[in-house]
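Down below is the structure, laid out as structure tokens.
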Amino acid sequence: MTVEIRETPIGGKVEPFLDVVDYIYRKNPNYVRPLDMDMKQRLSRKNPLFEHAEGTLFTAHRNGFCVGRISAQIDREHLARHGDDAGFFGFFDTIEDEEVSKALLDAAASWLRSRGMKRMRGPISLGINEELGCLVEGFDTPPMIMMHHHRPYQGPLVEKAGLVKLKDFYAWRYVVGDVPPRVQKAHDEIEALPEVKTRHIDMKNLERDLRTVMDIFNDAWHDNWSYVPLTEAELLKMGEDLKLIAIPALSYIAEVDGEPAAFAIALPNVNELIHDLDGKLTPLGFSKLLWRLKVVGPKTARLLLLGIRRKYRNVRKYAGLSTFLYAKMNRAGRDLGIQWGELSWTDEENGPVNVGIRLMGGKVYKRYRVYERVL
């Protein structure tokens, strides 16, 4: 049976693109469909990413029935910073069919090639600061907020279509509880320094604090793989989103002599709260979400970002800043009734960060793979 590929421009009718996951992940208890209202905004011109990016959507059909999807996108901020002529594909979900997956990946590759790209990478949906990677280990648990879930066959289908591994990323499972003695010791040593102060993000001054966080982030992550800073518009959009779900106690900004030096931000795992809403936020669904978030309280969370200014990393007495923040997040999570959290994602080649998480007692429980094809 012939595979038909249909293209939908960003801002077009996206219902087939969204609804196909219900068929692909049918009877899969670990898949959590993202909220349609959020996805429609991300796949529209209202998404501030498209102020510096362009993209398109493809769906695969057999006998008029949608059986797969993929996006293709080019981020001009990435190209300007890295100069690697790399475009991305994302939202790659398909039935277990080599012909379907190859047709989708070829469509994305053709679109990128026609715009001068020399290589295709993904899955990255839509930019580097969002979801990335194809799940290749850890299929037995649901994904955390802003993380992918896939069927076990999807990685092999990508490889059969001619893409090869570029890099793996880890998601770590951390059980909240008593921290190891050496972690507590590192925490206490930093806590005893009179010039080091910590505070939570102030929701009444969220935009101010997000600018502080992003200033540290841009310094701390400057040399990381494929790093691209957030634009002003993306920062403001992040603030709008965080107002809805953030729990201030799960965030910290550390200052040294009054200068913001480090931060850690964790979010309640919204996927835990919307797993039975099937992507639809009806009035009843919205009431359920608020009740679960504000009254019942989440049992899981994701440590989304942690950064230390580069100038403090090589100062011996501040070497334990990251461990200090890990320990504080553990205490905050315990006080809130959080049972366990995910720390993600980390680059498989980032030894210091991975060693630090292991020191805390974290264990890799999911692995995500980014693939590449030369065009």
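The values are calculated or read from the model by the stated rules, or taken from the named source; none is laboratory data. From a predicted model like this one, the values you see are computed outputs, not experimental measurements. Neighbour counts run over all protein chains shown; Cβ positions are idealised from the backbone, glycine included.
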For this session: Give the range 1-21 a look and list any residue that's assigned to a helix (DSSP H, G or I) and surrounded by 13 or more Cβ atoms within 10 Å (Cβ to Cβ), or say none.
Result: Pro16, Phe17, Leu18, Asp19, Val20, Val21
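One line per residue, one yes/no per condition, for (1) modelled with pLDDT of 95 or more; (2) surrounded by 19 or more Cβ atoms within 10 Å (Cβ to Cβ); (3) among the basic types (Lys, Arg):
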| position | (1), (2), (3) |
| --- | --- |
| Gly127 | no, yes, no |
| Glu130 | no, no, no |
| Cys134 | yes, yes, no |
| Pro143 | yes, yes, no |
| Gly162 | yes, no, no |
| Gly177 | no, no, no |
For this session: Report whether or not Pro152 is loosely packed, with under 15 Cβ neighbours inside 10 Å and either assigned by TED's automatic domain parsing to the domain that holds Glu240 or over 28 Å from Tyr365 (Cα atoms) (or both).
Result: no
For this session: State which residue pairs qualify: first residue within 13 Å of Asp168 (Cα to Cα) and outside the structural domain of Pro152 (by TED's automatic domain parsing) and inside the range 122-140, second residue modelled with pLDDT of 95 or more and not in a loop (DSSP other than H, G, I, E, B) in any location, beta carbons under 7 Å apart, and separation of 6 or more residues or different chains.
Result: none
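Would it be correct to say that Ala249 is in contact with a His (Cβ under 7 Å, 6 or more places away or on another chain) and touching a residue at least 60 places away in the same chain (Cβ under 8 Å)? First the steps, then the outcome.
Details: in contact with a His (Cβ under 7 Å, 6 or more places away or on another chain): yes; touching a residue at least 60 places away in the same chain (Cβ under 8 Å): yes.
Here the answer is yes, as Ala249 does meet what is asked.
So, in the range 347-375, of the ones that are among the β-branched types (Val, Ile, Thr) and at pLDDT 95 or above, which residue ends up surrounded by the fewest Cβ atoms within 10 Å (Cβ to Cβ)? Break it down stepwise before answering.
If we filter the range 347-375 for residues that are among the β-branched types (Val, Ile, Thr), which is where we start, we get 353, 355, 357, 364, 370, 374.
Remaining after also requiring at pLDDT 95 or above: 364, 370, 374.
Values: Val364: 19, Val370: 21, Val374: 10.
So the residue we want is Val374.
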For this session: Find all pairs meeting these conditions: Cβ atoms under 6 angstrom apart; at least six residues apart or on different chains; first residue within the range 60-76 and in the same structural domain as Leu126 (by TED's automatic domain parsing); second residue among the charged types (D, E, K, R) and part of a strand (DSSP E or B).
Result: His61/Glu4; Arg69/Asp93; Ile74/Glu54
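Given the residues Gly239, Gly285, which is the only one that is surrounded by 14 or more Cβ atoms within 10 Å (Cβ to Cβ), of a type outside the set (S, T, N, Q) and either free of Cβ contacts under 8 Å to residues at least 12 places away in the same chain or not assigned by TED's automatic domain parsing to the domain that holds Tyr326 (or both)?
Working: Gly239 fails: either free of Cβ contacts under 8 Å to residues at least 12 places away in the same chain or not assigned by TED's automatic domain parsing to the domain that holds Tyr326 (or both).
Result: Gly285 is the single residue among Gly239, Gly285 that is surrounded by 14 or more Cβ atoms within 10 Å (Cβ to Cβ), of a type outside the set (S, T, N, Q) and either free of Cβ contacts under 8 Å to residues at least 12 places away in the same chain or not assigned by TED's automatic domain parsing to the domain that holds Tyr326 (or both).
Give, as residue ranges, the helices (runs of 4 or more DSSP H) completely inside the range 214-292 that count at least 1 residues that are in contact with a strand residue (DSSP E or B) (Cβ under 9 Å, 6 or more places away or on another chain) and over 30 Å from Leu193 (Cα atoms). Don't jump to the end; show me each part of the working.
Details: elements: 232-245, 270-274, 283-290.
Helices (runs of 4 or more DSSP H) meeting the threshold: 232-245, 270-274.
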Seminar exercise, completed: Within the range 131-180, residues in contact with an Asp or Glu (Cβ under 9 Å, 6 or more places away or on another chain) and among the polar types (S, T, N, Q) come out as Gln154
Exercise. Checking Val295 against (1) more than 23 Å from the chain's Cα centre (by Cα); (2) aliphatic (A, V, I, L, M); (3) assigned to a strand (DSSP E or B), which single condition isn't satisfied?
Worked result: (3)
